[in-house]
1. Determine whether region 184-196 contains at least one residue that is loosely packed, with under 12 Cβ neighbours inside 10 Å and either of a type in the set (A, V, I, L, M) or in contact (Cβ under 8 Å) with a residue 40 or more places away in the chain (or both).
2. Collect the residues in region 142-189 that are outside any helix (DSSP H, G or I) and aliphatic (A, V, I, L, M), keeping them in residue-number order.
3. Could you tell me which residue of region 148-199 is farthest from the chain's Cα centre (by Cα), considering only residues that are over 22 Å from Leu214 (Cβ atoms) and among the acidic types (Asp, Glu)?
4. Going by what's in this entry, would Tyr91 be described as in contact with an Asp or Glu (Cβ under 7 Å, 6 or more places away or on another chain) and assigned to a helix (DSSP H, G or I)?
5. Mind checking which residues of region 108-144 are among the aliphatic types (A, V, I, L, M) and loosely packed, with under 11 Cβ neighbours inside 10 Å?
6. Among the numbered criteria (1) of a type outside the set (S, T, N, Q); (2) buried (at least 18 other Cβ atoms within 10 Å of the Cβ); (3) more than 18 Å from Ala243 (Cα to Cα), which single criterion is violated by Asp207?
7. Got a sec? Which of Glu149, Glu142, Glu111, Glu81 is over 30 Å from Ile181 (Cβ atoms) and out of contact with any Leu (no Cβ under 6 Å at 6 or more places or on another chain)?
8. Would you mind telling me which numbered condition in (1) among the basic types (Lys, Arg); (2) closer than 30 Å to Leu223 by Cα; (3) under 18 Å from the mean Cα position of the chain (by Cα) Lys101 fails?
Amino acid sequence: MDAKICSECGREFPADSKHFAPDKRKRDGFVTDCRECRRQSYALYRATHREKEKERHALYRANHREELRIKGLAYDTAHREEKRSRGRDHYAKHHEEELAKQAAYRRDRPEAFLAAAARFRAAHREQMREKGREYYAAHRAEAAARHREYAKLHPDRMCVIQHNRRARLLAAPGTHTAADITAQYERQRGRCYWCGAGVSTRKKHVDHVMPLVLGGSNGPENLVIACPSCNHRKQAKHPMDWAGRLC
């Protein structure tokens, strides 16, 4: 193989693409300066023309957005495992730093973070469900203990989750929140809607006036606070039938 002397550093290298960038205009098909000298020259230029380079790159990305997106997807597909391995290694070495970055991002951009999380859940719904089932199967006792603790600390929230799930299964319209339950409790001044007896926040039940199985809504307009006794005895009765029994 022919040898070639770099015009910048004067060193001699094999005349190949490993040491010299291709250039069809040259007689031997390569530029005159070696790759190492060219990298140093580019680095010096970028350092001294930082803002100009930023503008040039931004303009290029704006004019070639779709082309760059397609190239990026192709690269990600071809180097998926390699990128994952690099990401895991970096995260392991900079664990605390990455946690701090994530916390700062969530604090400074809460809306963007929630939107990104929602997009991820929508795109990976089945994958996340499968991971959740696998985790629950492997940590059943721990998950049950956490669930009991959460239910004890957030009874209204658990009530909402149960009601909304039942409503989905029955295709009932409407939805409500824990704030709706609190507001209804305050409107009733802590008394049972059916019998008027006082009921504490810990022992209160949330009742659908028109039961879901009879076509009632799961919205706040169909909710009342009831004492445990009335709610258990009413069950899924029509409100007029139940009111007649109270008379």
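The values are calculated or read from the model by the stated rules, or taken from the named source; none is laboratory data. Being a predicted model, the structure only gives us computed values, none of them experimental. Note that each Cβ is placed from the backbone with ideal geometry, even for glycine, and that neighbours are counted across all protein chains shown.
1. no
2. Scanning region 142-189 gives Leu170, Ala171, Ala172.
3. Looking at the filtered set, the residue picked out is Glu186.
4. yes
5. Ala118, Ala122, Ala123, Ala137, Ala138, Ala141
6. Checking Asp207 against (1) of a type outside the set (S, T, N, Q); (2) buried (at least 18 other Cβ atoms within 10 Å of the Cβ); (3) more than 18 Å from Ala243 (Cα to Cα), the one that fails is (3).
7. Testing whether each residue is over 30 Å from Ile181 (Cβ atoms) and out of contact with any Leu (no Cβ under 6 Å at 6 or more places or on another chain) leaves just Glu81.
8. (2)
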